[in-house]
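Report on one structure; see the data block that follows.
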Amino acid sequence: MDNSITMLKKGTLLWLIDEVSEKARGTGSLLPIGTVSEYVDDDGVRFVVRLLSNLVRKDEDRLKRAQEKKGNPFLPYEKELFVTDVSPTHIAILNKFNVMERHLLIVTREFEDQENVLTPSDFSALWSCMSEYDAVGFYNGGEAAGASQPHKHLQIVPLPLADEGPPVPIQPLIDEVTDTGRLTRLRSFDFRHCFARLELDNSGFPVAPDKQSYALYREMLSELGMSVPRDGETIKQSGPYCLVVTRQWMLLAPRSREFHGEVSVNSLGYAGCLLVRKAEHLELVRKIGPLELLKSVSIPL
């Protein structure tokens, strides 16, 4: 590692994100995509569905990058989007086409495959960022889970996820679970998944969050019949999955496919936040219901 690298200083991440965002918007390096938020109620959960206003430039840029860089915008990354060095193994950059403010990508310095099982260093980098502000961390494990790039990257977005309702839309389902540190399921999620509340300290922050969440991650993989690496081993995942992490809980759901019709679902869908391209896609979500949509792209019980 380059000894000149300065790691993230505690208490500075939000300031860095806002400073870099302002400059990147000014240079045109950061290209936010406007959305209109709609809400769809399903079994006591108010899902937020964001209708994207313009994806033309995103699709064009992705095609251009795929031709020029073989589909990897992280090597090299755009310097204007660089936020900070998070750890010896990870950096943080802005999501160039952000739908939500302060959308951060936590990317491995060297190329690692997005379909590799997560490692302790991945969780350490994630929690270095999530300790800075209340956020949702997530990982799209493979193309069928909504990953758009093959270079390993975790993501975080700040809470709340919606202007209406609880900070995380699926909170009503989470409130029904009282056990801590034990794998269980959410009542309305009628598909294969694992959920667990984290053990918290007196301040409400997870105890040893990186170690605790990595241990639960391995338990979840095992419980769901997926491959679990031995200590220090790097392996490919045995199937696509979505992982959602907050300061209070974790959820992992294996995936069968990325799309229901033309509606793509990534990990935030399991937190109650969906993105659609067209008004007719929103109507599809309303017609079948968000929970049935999640079921259709997940693994049956």
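I'd like the full set of residues that are among the basic types (Lys, Arg), in contact with a helix residue (DSSP H, G or I) (Cβ under 8 Å, 6 or more places away or on another chain) and assigned to a strand (DSSP E or B), limited to the range 7-53.
Selection gives nothing.
For the range 129-186, enumerate the residues that are touching a strand residue (DSSP E or B) at 6+ places or on another chain (Cβ under 7 Å) and β-branched (Val, Ile, Thr).
Passing the criteria: Val136, Ile156, Val157, Val168, Ile170, Ile174, Val177, Thr180, Thr184.
Restricted to the range 170-199, and to residues that are touching a residue at least 24 places away in the same chain (Cβ under 8 Å) and part of a strand (DSSP E or B), which residue is surrounded by the fewest Cβ atoms within 10 Å (Cβ to Cβ)?
Arg197
Enumerate the strands (runs of 3 or more DSSP E) found wholly within the range 76-145, keeping only those where 1 or more residues are without any contact (Cβ under 8 Å) to a residue 60 or more places away in the chain and more than 13 Å from the chain's Cα centre (by Cα). Show your work before the answer.
Numbers: elements: 82-85, 90-94, 104-108, 135-141.
Answer list for the range 76-145: 90-94, 104-108.
Exactly one condition in (1) over 18 Å from Ser124 (Cα atoms); (2) within 19 Å of the chain's Cα centre (by Cα); (3) surrounded by fewer than 19 Cβ atoms within 10 Å (Cβ to Cβ) is false for Asn202; which is it?
All conditions are met except number (2).
Read through the list (1) outside any loop (DSSP other than H, G, I, E, B); (2) more than 23 Å from Thr184 (Cα to Cα), then give the number of the only condition that Leu268 fails.
In the conditions (1) outside any loop (DSSP other than H, G, I, E, B); (2) more than 23 Å from Thr184 (Cα to Cα), Leu268 misses (2) alone.
Output the residue which, of all residues in the range 146-198 that are modelled with pLDDT under 95 and of a type in the set (Val, Ile, Thr), is farthest from Ser128 (Cα to Cα).
Only one residue tops the list, namely Thr178.
The values are calculated or read from the model by the stated rules, or taken from the named source; none is laboratory data. These numbers were taken from a predicted model, which means no experiment stands behind them. When we count neighbours, we look across all protein chains shown, and the Cβ atoms used for this are built from the backbone with ideal geometry, even at glycine.
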